[in-house]
1. Go through region 75-114 and give me each residue that's more than 16 Å from the ligand (Cβ to nearest atom), within 18 Å of Asn47 (Cβ to Cβ) and not charged (D, E, K, R).
2. Looking at (1) away from the ligand (no atom under 16 Å from the Cβ); (2) modelled with pLDDT of 55 or more; (3) of a type in the set (Phe, Trp, Tyr), which is the only condition Phe52 fails?
3. Would you be able to tell me the number of residues in region 91-102 that are buried (at least 17 other Cβ atoms within 10 Å of the Cβ) and out of contact with any Leu (no Cβ under 6 Å at 6 or more places or on another chain)?
4. Restricting the first residue to region 55-71 and requiring it to be away from the ligand (no atom under 15 Å from the Cβ), which pairs with a second residue that is aromatic (Phe, Trp, Tyr) meet a Cβ separation below 6 Å and a spacing of at least six or different chains?
5. Please give the number of the condition Met117 fails out of (1) over 21 Å from the mean Cα position of the chain (by Cα); (2) within 16 Å of the ligand (Cβ to nearest atom); (3) not charged (D, E, K, R).
6. What number goes with the only condition from (1) under 30 Å from Lys40 (Cα atoms); (2) surrounded by fewer than 18 Cβ atoms within 10 Å (Cβ to Cβ) that Ile190 does not pass?
7. Return the residues of region 137-176 that are crowded, with 20+ Cβ neighbours inside 10 Å, under 22 Å from the mean Cα position of the chain (by Cα) and away from the ligand (no atom under 16 Å from the Cβ); say none if nothing qualifies.
8. Among the numbered criteria (1) closer than 15 Å to Ala199 by Cα; (2) modelled with pLDDT under 95; (3) acidic (Asp, Glu), which one does Asp90 miss?
Amino acid sequence: MATNVKVIAGDPSQGRTKSSPFEHPYALIPTPSLPTDGSKPHGALLNAVEMFLVHNILIRAINSILYHAPLVKLHDDIKDFLHFCEVFVDFTNLHHDSEEEHIFPEWARACGQPDIMNENVAEHTTFHAGLQELRNYAKQTRDDTTRHSSEEVIRIIDSFAPALTTHLRNEIPTVLQMQQYPNGDEQRKIFAKGVEKGAAQADNTTQIPFALGCHDAGFEGGKHRFPSLPWFVIMGVVWWYGGTHKATWRFCLAICIVGQRRRSFEIVVSEHTRR
Ligand SMILES: [Fe+2]
């Protein structure tokens with residue numbers, strides 16, 4: 001069976017809007033366009049685009065977890081699925097820690113607005129407990145996969161995903177608002193440095209393949225190139241580091257290299273069970 005994953009509109013504050021397995025229960029965030037007249041984009045605009053793309057990685061992972069939770073039945077499938085849940089939590093925490101430690105304070109300093117990111121940082125606390133609950137569930141259930149309950153996974157996700165996805169949207173206007181300051185290049189450098197520091201803290205065999213696997217290079221017709229690395233470097237990273245937990249990445253909804261979505265999630269699971 002071949003089908004496409006379709007993006008549907010929805011207000012994340014209203015919770016998920018699932019109507020078919022191949023639609024995104026939580027809507028992806030559309031990105032702003034860059035200038036087409038050849039003018040140099042402001043650093044804050046470039047930062048916002050990258051931030052959107054990273055936020056969509058998180059939303060795709062949430063949607064994948066919701067979709068796969070009731071589909072995984074066999075021990076190996078459940079184990080790999082729970083590992084995917086764990087990596088999702090670790091990547092989300094790493095993203096927010098990097099913002100709080102390396103990026104937001106520097107933006108506030110550079111723009112002379114100490115409180116500029118305060119509301120966004122405060123929102124980090126609104127979903128932290130839910131993320132931790134998911135991580136605990138995944139870790140405990142991996143030891144005894146017979147205890148896996150899709151209802152429990154969906155309950156945990158729905159307890160924090162509305163707050164998380166609302167936060168992921170709310171952060172962008174703050175970043176875009178920084179276009180009013182003339183130090184775009186400095187803002188851009190701060191962001192790049194923060195991302196670099198975050199990447200240095202990431203686990204190469206888990207968080208990096210997770211991010212690459214949940215980014216869809218074909219999103220919005222592939223209008224943004226992300227990550228901004230040569231394709232052969234990305235392929236090398238996927239090949240070198242992705243192999244350690246290869247089975248976990250079956251649960252990624254997209255793959256950044258080819259920009260093609262999975263044909264069907266059932267196939268992802270059943271292909272594995274035939275190994
Ligand atoms: Fe963010």
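The values are calculated or read from the model by the stated rules, or taken from the named source; none is laboratory data. Note that the coordinates shown come from a computational prediction; the quantities given were computed from them, not determined experimentally. In this analysis, Cβ positions are derived from the backbone assuming ideal geometry, glycine residues included, and neighbour counts consider all displayed protein chains.
1. If the condition is that a residue be more than 16 Å from the ligand (Cβ to nearest atom), within 18 Å of Asn47 (Cβ to Cβ) and not charged (D, E, K, R), then Ala110, Cys111, Gly112, Gln113 are the ones that fit.
2. (1)
3. Selection size over region 91-102: 7.
4. Asn63/Tyr26; Ser64/Phe251; Tyr67/Phe265; His68/Phe81; His68/Phe251
5. Every condition holds for Met117 apart from (1).
6. Status for Ile190: all satisfied but (2).
7. Hits for region 137-176 are Tyr137, Ala138, Val153, Ile156, Ile157, Pro162.
8. The one condition Asp90 does not meet is (2).
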